[in-house]
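What follows is a set of notes on a single structure, which appears directly below.
The values are calculated or read from the model by the stated rules, or taken from the named source; none is laboratory data. Just so it is clear, the structure is predicted and the values come from calculations on it, not from any experiment. Cβ: placed from backbone, ideal geometry, glycine included. Neighbour counts: every protein chain shown. What goes into the accessible areas is simple: the full protein's heavy atoms, side chains included, and nothing from ligands, DNA or RNA. Shrake-Rupley method; radii C 1.70, N 1.55, O 1.52, S 1.80 Å.
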Amino acid sequence: MSKNTKNGSERSYDNPAFETTNERNIEISDNEHNESRVSDLKDLEKAQENESQGSWNNSIEFLMSCIAMSIGFGNIWRFPFTAYKNGGGAFLIPYVILLFLVGKPFYFMEMIMGQFSGRSSIRVWNVSPAFVGVGWAQFSSTIILATYYSSLMALTLFYLISSFSAELPWSKCLEEWKDFCIDSSSKKESRMMINDTLFLKKNDTLYKIDSNLSEKPVYRSSAELYFLKSVLHEKDSIDDGIGLPDWKLTLCLFGCWFSVCVILFQGVKSTGRASYFLAIFPYIVLIALLIRSVTLDGAAEGILFFVEPQWEMLLKPEVWYAAVTQCFFSLSVCFGAIVTYSAQNGFKHNIYRDAMIITTLDTFTSMIAGCAIFGILGNLAYEMNINDVGSVVKDGTGLAFISYPDAIAKFDVVPQLFSVLFFVMMFVLGIGSCVGMTSSLFVILYEQFPKLKPWQIVVPLCCFGFLIGIVYVTPGGQWVLVLADYYGTSFVVFILASFEMIGIIHVYGFENFIDDIEFMLDMKITVFWRVCWFGITPVILIVIFLYTVANMSPLVYAGKSFPIGAHAVGVIILCMGILQIPIWMLLAILKNKHLPLKERIKKAFQPTSQWGPKEMKYRKEWLIFKEDKMKIRNKRQRSRWSQTIRLIFGLEP
């Protein structure tokens, strides 16, 4: 910060750009300054006379809604597989470290942004209009994420309906698969181990299972063939297109979006009433599955396989990369939904407590899910007489739609019951997350078209999501899903997160942000949060992004490369997200044509008169609070960097 002179002509600011804002212009006299603020307040009162912050019926609804949104597919199948693949129990060390250094600080920061402004992930950037492109890029990524997420919900609904059959349809091989298929309901009596290799005994002949493609014949379980051939009708390549949508999956996809539409029909407020069921019911089922899984033969070996640490994996950077990506996707940060939900809170709501509860519960849920899933996979390995549990674990969607159904098919007692429980839980988790993402899109559109009724936005939005989602229920749908996930969300998220952190902490100003938290929550932020926000979290995000770029490998699905045309579509999807940032930044600079270029740039990065608490009562108090803080800042004698360092460590600057 600048050093104060004797005559007081130079004043100290955390963010130099902040000096020229309408509400905080320090070049004018105190009387002129107060008159300017009164004028701004009158204008804002006229614009906001019918607005009030907060739409949840109570604070529990907000907590439950955030839990329903953040706890999802990433906890049930992504975390267990990621942990197993990256060192088992040893993975928990980098995961917990990065949860505290990246996950929790980012989650808390987004909650603060939403609740303080009472705005969506677009209008929250009144704090620095040049960064509004971050909000629009998140809007684009959320559309991609919500639409392919709904296709996974469609698969879940398809399996749920199929689970009500007298016999699970994936437990037996169909006639056309007979020559290369093993019944998933068969147990170890029909299999044997020879030198740690699994063989199938069929017609008095031994065949190697899961052999290389060069070895014939290759046998697959009926659960795997059911998923690939009966459900997905999957193509070996998309060189000739992705094919036509499957009508059964299309109906399931429609059912998913219809459910989201019903819950959101009256806007974000209506999601609060559904949040109790969406948040609590999955835990009831998950605990029931955990109890059942630990009582199965071989469950202990499966759970031990999940948690047993492989310490040498800690030295591999890809393990730390996997840990931070798991934090992001598990907590659903950087897609705008957390900002949106927090904006519906009352201004003084204790979000610090909620942020700690949700982020801790998210990790706890992932651990429970990992133990439940690997307990059942341990039983699967036991029934197949396989020593290595890892050989029965499938990646990604295969864990939920191949490995788990394969294990369920071997249950002696009502396998349909456990299949129904699992897929009901998955469907409810999916609905909770999809409702959160769609809510974010809805609020952004509602701010742009405030005269429309909520249902007039919700219905077209859900129809739009359904139409886009149809591409994922085609024979080449899983190819498209991998492509969209790679180019539209996974790669983009670190760029958006870095810009979001820089925009709030380093452009708006670290001390301004800290002061706003103090005013809203009536508490001073501890050194841990200050150090993370100012340095550790953004540095980790930038390092992870550079690591991702440096170690990019050709995108493949099922071991096969994508055609050039598919990559071209992927690059277009990527540009739709990334280019939002410079385009909107340029528009913000060009907006004030009457100003010199230097002043245009300055004004584009400074807060607008709309920034601040949404409710006039708190806005007036906040302006007085900021005035008092500014008087204290102007009396400081230390250099800017000295003040910043002391501020980070909680000392008086």
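Quick notes on this one:
- Relative packing of 456-462, 342-348, 570-576, 105-111, which averages over residues the other C-beta atoms within 10 Å, highest first: 105-111, 342-348, 456-462, 570-576
- Measuring nothing but protein heavy atoms, the accessible surface of the chain at 1.4 Å probe radius is 63 percent carbon and sulfur.
- Computed lengthening from ALA558 to GLU308, 0.36 nm per intervening residue step minus Cα-Cα distance: 87.2 nm
- Additional length obtainable on full extension of the chain from ASP522 to ILE624, 0.36 nm per residue less Cα span: 35.2 nm
- In the set (1) 50, 25, 22; (2) 44, 38, 20; (3) 44, 41, 23, the label that goes with semi-axes √(5λ) of the Cα gyration tensor in Å computed for this structure is (1).
- In the stretch 446-536, Cα pairs under 8 Å separated by at least six residues give a relative contact order of 13 percent.
- Here each label is just a point 7 Å from Cα along the line to Cβ, and for LYS85 and LYS591 those points are 4.2 nm apart.
- For the residue pairs LYS104/LYS560; LYS104/LYS629; LYS248/LYS451, the C-alpha atoms sit more than 30 angstrom apart in LYS104/LYS560; LYS248/LYS451.
- Remark: the chain carries a charge dipole of roughly 1720 debye about the Cα centre, counting +1 on each Lys and Arg Cβ and -1 on each Asp and Glu Cβ.
- With R₀ set to 45 Å, the beta-carbon distance separating TRP247 from TYR547 gives a calculated FRET efficiency near 0.55.
- Whether the stretch 592-653 is rounded, prolate or oblate, judged on the alpha carbon gyration tensor where a/c under 1.5 counts as rounded: oblate
- Lone cysteines, the chain (no partner Cβ under 4.7 Å): CYS66, CYS252, CYS256, CYS327, CYS334, CYS371, CYS434, CYS463, CYS532, CYS575
- Prolate/oblate/rounded call for the stretch 551-646, Cα gyration tensor, a/c under 1.5 rounded: prolate
- Listed residues LEU421, PHE227, ILE444: farthest to the positive end of the dipole of the chain (Cβ charges): ILE444
- Surface accessible to a 1.4 Å probe, ILE648 within the full protein complex, Å²: 20 Å²
- With all protein chains modelled, accessible area of VAL333 [1.4 Å, Å²]: 0 Å²
- Candidate residues LEU481, LEU452: accessible-area rank, largest first, probe 1.4 Å: LEU452, LEU481
- Ellipsoid semi-axes for the stretch 266-360, based on the Cα gyration tensor and the rule √(5λ), read 33, 23, 11 Å when sorted largest first.
- The calculated FRET efficiency for PHE265 paired with THR608, based on their beta-carbon distance and R0 = 35 Å, is about 0.60.
- Averaged per residue, the chain has 41 square angstrom of accessible surface, using a 1.4 angstrom probe with ligands and nucleic acids left out.
- With contacts taken as Cα pairs under 8 Å and at least 6 residues apart, the stretch 343-491 reaches a relative contact order of 10 percent.
- Relative contact order of the chain, defined on C-alpha pairs under 8 angstrom at six or more residues apart (%): 32 percent
- Since only VAL307, SER366, ALA288 are under comparison, the one whose Cα sits farthest along the positive direction of the charge dipole of the chain, derived from C-beta charges on Lys, Arg, Asp and Glu, is SER366.
- Gain upon complete extension [PHE258, PHE180; 0.36 nm per residue less C-alpha separation]: 24.2 nm
- Simple rule: put +1 on each Lys or Arg Cβ and -1 on each Asp or Glu Cβ in the chain, find the dipole, and look at SER162, GLY72, LEU496; the Cα lying farthest toward the positive end is LEU496.
- Residue-wise HN-Hα coupling along the stretch 151-158, computed from phi with Karplus coefficients 6.51, -1.76, 1.60 (Hz; x: Gly, Pro): 5, 5, 5, 4, 4, 4, 5, 4
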